[in-house]
Amino acid sequence: MASGDGIQIPSRLPLLLTHEGVLLPGSTVRFSVDSPRNMQLVSQRLLKGTSLKSTIIGVIPNTRDPEQDTDDLPSLHKIGTAGIAVQVVGSNWPKPHYTLLITGLCRFSVTSLLKERPFVLAEVKQFNIKTKVEQLDKLEQYMTPASEGVTAEDGELGKLSHKFYQAAVQLLGMLDMSLPVVAKFRRLLDSLPRETLPDVVASMIRTSNKEKLQVLDALSLEERFKKALPMLIRQIEGLKLLQKTRKKSPDNEKTVLSVRKGGVFPGQQFNLDEEDEDEDGDDTAALERKLHRAKMPEAALKVCLKELKRLKKMPQSMPEFALTRNYLDLMVELPWSKSTKDCLDIRAARTLLDNDHYAMDKLKRRVLEYLAVRQLKTLLKGPILCFVGPPGVGKTSVGRSIARTLGREFHRIALGGVCDQSDIRGHRRTYVGSMPGRIINGLKTVAVNNPVFLLDEVDKLGKSLQGDPAAALLEVLDPEQNHSFTDHYLNVAFDLSQVLFIATANTTATIPPALLDRMEVLQVPGYTQEEKVEIAHRHLIQNQLEQHGLTPQQLHIPQDTTQNIISSYTREAGVRSLERKLGAICRAVAVKIAEGHTVTKTEALSPENPAQRGDIAAPPEMPIMIDHVALKDILGPPLFEMEVSERLTLPGVAVGLAWTPLGGEILFVEASRMEGEGQLTLTGQLGDVMKESAHLAISWLRANAKTYQLTNMVGGPDPMEGTDIHLHFPAGAVTKDGPSAGVTIVTCLASLFSGRLVRSDVAMTGEITLRGLVLPVGGIKDKVLAAHRAGVKRVILPKRNEKDLVELPANVRADLDFVIAANLDDVLNGAFDGGFPGTAGTHTQPQLSSKL
Ligand code: ADP
């Protein structure tokens, strides 16, 4: 143990001025340092020095609060303790500071100050016990083992030191020897020089700073013993009292004393007063109570209590202490048995869903069914609902409404880009920086065990070396397994069976099949123009007005304007960009209204000047109407035009319909031919299936060239003879694949080979076979809606997709003319004005269809 007797400290010492905590020789204390002078001392002296000497500093207690560390130096306490800095830890949070661990060596007094900046440097005089020869001589005779008694000739100092030693032994006897730190001190007590005892013991027992200061100021050994002894005796009395009360409660026969913060042997202090709630040392007791109150399952509680036991034995400076502490805090916070009460009323739910969302009838119906079954059977192990559709069609917002109808908490977990399974299931606690997964985190946030969890974008889960998050989700979503979901961080099972999971995705194609299997997919298709107008007027405009602090009396957006925004400024399946555009209008109007206000104010100041009023823009009349002119002013020139008709002015262009995760799209196919050797070139980022469709189309057209009077560039009977063909699918940056462009390629090439124009208002979709049949394709509703949006009048569809037309809104069906095609004859007939030569009225196999 360090004591000052053998050490010669430098005569010039940098001084650490502390206002809290007193360092006594022989003890180790942790100081937090954040005042400018002290910070400079650490950074310029401690961190830069390389010798042992440079780590010795003087600690001056009882200085004014460093908060008020001004330029002028406060008056310093005359006695300080020289100490050796054994550890320096820097941190930036919550403000830059260092934490120093300092072991006291010996007392000193300041003789003169040498400089004040950047840190205080002083000339010091060391108080060394060895210099007090007479005291030492007296004491040396009593350096006998503890068992030996004291003789009658013992002087006052001898008696005192013996008494003190006995008291220290008694105190240690009352502490729990199973604590390693207590056992170690007991062993050391006998080997410690007696003169160090007052300092060491005073720093360990519960004493106030003022008392410690008294011990520090006691320069003579005798005085020091006299000062410290009453404190020690008081501690023993306190402990006795505590043990008496303890005996009354049967489960605590042994006094377990918590180890106080900042203590590293020999400096730590035993907190003997566990009832004091706000003391740090009592944290563990409070934690234990909280653990019992958390109503966690037996198994979890057992693990927690075991961890708590370990925690109690750990010094706080150990990194594992914080780790275990955080773990236990989380366990206490988790809603093991806290839940909200479901208030399910189907009629109210229906009204709420209808009020929140326009259209989407099929989805609402299925959601109501789901809720109804839940009402009848509370422990429903039903499928997980997964809403699949383009962005902005209200998937998230329906999820939120469901939570509201049930009166449950709502939490959204974004899974897009998650590629590490520990994101879902947490890290094991052995990792540095380990934390629980998103599910457990979500539960901690909502603080109930039956929230609605919206797993957003399950189709965008990634995969990486860190494991497959989809596999981890399987366990979460499987009603058979999720009652014992084990997060790696928690390492005990948590029951997720009360949680209502809803997933959303843009497409099912990228959802791993096993995961898809656990879910019931509900398609949420895009909206028609009319539906969007309704949604805008029933919900979006109102929301945007509120968000921008406007009222309907200030801003009016007529239906035509909304229609114009939808067709000229947005091209989307959902309503998200429509909402943004409406927001832009609100912002512009807010500026106008605010300007109007200032104008009225200035006018009010000079009422006698009405002539000027005409010059300044008069405050707008309310409400401000957004007409087409205003719209152009605010949003700029239209972003999208009805471009279909303009592009079909040459043979060799046709319009197809494609499906993307963002909704339906129209897709142009262009073809041109030139002299060559019968080569086919394809451009526009195409997948393999699309390329095959192009080859199929060419083969079928060549085989039927005679029937349809198709020729090459010089009028020969084989369209490919001496000719190269180039097929291009514009919007090249997007990868396109799938068979549904088959009919479009055939139509486009038929137009090229025959020199006839395809009707400008027709779009088509369908897969083809080599024999000329048209096979069904998916995404009909989205595709037809896209065609409708783009101003197409006629849509050619495979015959077997006819059944999908019922899903379309009546007005769209009324606006469009549908050609149902069983084979390519029907397609060509529908795509060209007045039919196509060689196809009239034929509905049999194409190669038999020739009536020529
Ligand atoms: P998603 O999750 O499908 O991408 P959101 O749920 O975030 O879309 O919806 C985007 C916005 O559109 C929200 O403000 C939502 O309220 C609104 N919205 C979408 N569909 C409807 C609807 N049918 N009725 C009312 N508002 C809707």
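Computed over the alpha-carbon atoms, the stretch 725-831 gives an Rg to Rh ratio of 0.95, Rh here being the Kirkwood radius from the mean inverse distance. Peptides 435-443, 351-359 ranked from most to least packed, by the mean per-residue count of other Cβ atoms within 10 Å: 435-443, 351-359. Amide H to amide H distances under 5 Å link Gly722 with Gly678, where only residues 5 or more positions off or on other chains count and H is placed in the peptide plane. Given a Förster distance of 22 Å, report the FRET efficiency between Asp633 and Gln559 from their Cβ-Cβ distance, rounded to the nearest 0.05. It comes out at approximately 0.70.
Could you calculate the contour length gain from Gln170 to Leu219, that is, 0.36 nm times the residue separation minus the distance between their Cα atoms, to one decimal place in nm?
Values: separation 49, 0.36 × 49 = 17.64 nm, distance 2.62 nm.
Full-extension gain reported as 15.0 nm.
The rule of thumb for compact globular proteins, 2.2 N^0.38 Å, goes into the C-alpha radius of gyration of the stretch 287-351 1.66 times. Taking label points 7 Å from Cα along the Cα-to-Cβ direction, Thr551 and Ser484 give a separation of 6.2 nm.
Neighbours of Lys364 by Cβ distance under 12 Å: Lys/Arg scored +1, Asp/Glu scored -1, total 0. Modelled spin-label separation between Lys125 and Thr50, with each label point placed 7 Å from Cα along the Cα-to-Cβ direction: 3.6 nm.
Listed values for the stretch 788-799 are Karplus-derived 3J(HN,Hα) couplings in whole Hz (6.51 cos²θ - 1.76 cosθ + 1.60, θ = phi - 60°), namely 4, 4, 7, x, 6, 9, 10, 10, 9, 10, x, 4, and x replaces Gly and Pro. 3J(HN,Hα) along the stretch 535-541: 4, 4, 6, 7, 10, 5, 4 Hz, from the Karplus curve 6.51 cos²θ - 1.76 cosθ + 1.60 with θ = phi - 60°, whole Hz, x for Gly and Pro.
For the pair Arg117 and Glu320, label points projected 7 Å from Cα toward Cβ lie 4.9 nm apart.
By other beta-carbon atoms within 10 Å, ranking Met331, Met625 with the fewest at the front produces Met625, Met331. For the residue pairs Lys227/Lys290; Lys210/Lys240; Lys48/Lys312; Lys302/Lys463, the alpha carbons lie more than 30 Å apart in Lys227/Lys290; Lys48/Lys312; Lys302/Lys463.
Considering all alpha-carbon pairs of the stretch 678-731, what whole percent are spaced by more than 14 angstrom? Percentage above 14 Å: 56.
Note the full-extension length gain between Gln685 and Asn543 as 0.36 nm times their separation in residues minus their Cα-Cα distance, in nm to one decimal.
The Gln685-Asn543 span can extend by a further 47.1 nm.
Ordering 544-552, 449-457 by mean Cβ neighbour count within 10 Å, with the highest value first, yields 449-457, 544-552. I need the calculated FRET efficiency for the pair Gln466 and Met625, taking r as the beta carbon distance and R₀ as 45 Å, to the nearest 0.05. Once the sixth-power term is evaluated, E becomes 0.20. What the Cβ-Cβ distance of Arg234 and Lys313 gives, at R0 = 22 Å and to the nearest 0.05, is a FRET efficiency of 0.25. For Ile624, the amide hydrogen comes within under 5 Å of the amide hydrogens of Leu555, His556, counting only partners 5 or more places away or on other chains and with H modelled in the peptide plane.
Each Lys or Arg adds one and each Asp or Glu takes one away; over the other residues whose Cβ falls under 11 Å from the Cβ of Met720, this sums to -2.
Couplings for the stretch 397-406, taken from phi via the Karplus curve 6.51 cos²θ - 1.76 cosθ + 1.60 with θ = phi - 60°, read 6, 5, x, 5, 5, 4, 4, 5, 5, 7 Hz in order; Gly and Pro are left as x.
The amide H of Gln87, built 1.01 Å from its N in the peptide plane, has Leu101 as neighbours under 5 Å, considering only residues 5 or more places off or on other chains. Based on the reciprocal of the average 1/r between different C-alpha atoms, the Kirkwood radius for the stretch 354-414 equals 12.7 Å.
Each reported figure results from applying straightforward, stated rules to the coordinates on display, with no laboratory input. These numbers come from a predicted model, not from an experiment. All Cβ positions, glycine included, derive from the backbone under ideal geometry; neighbour counts span all protein chains shown.
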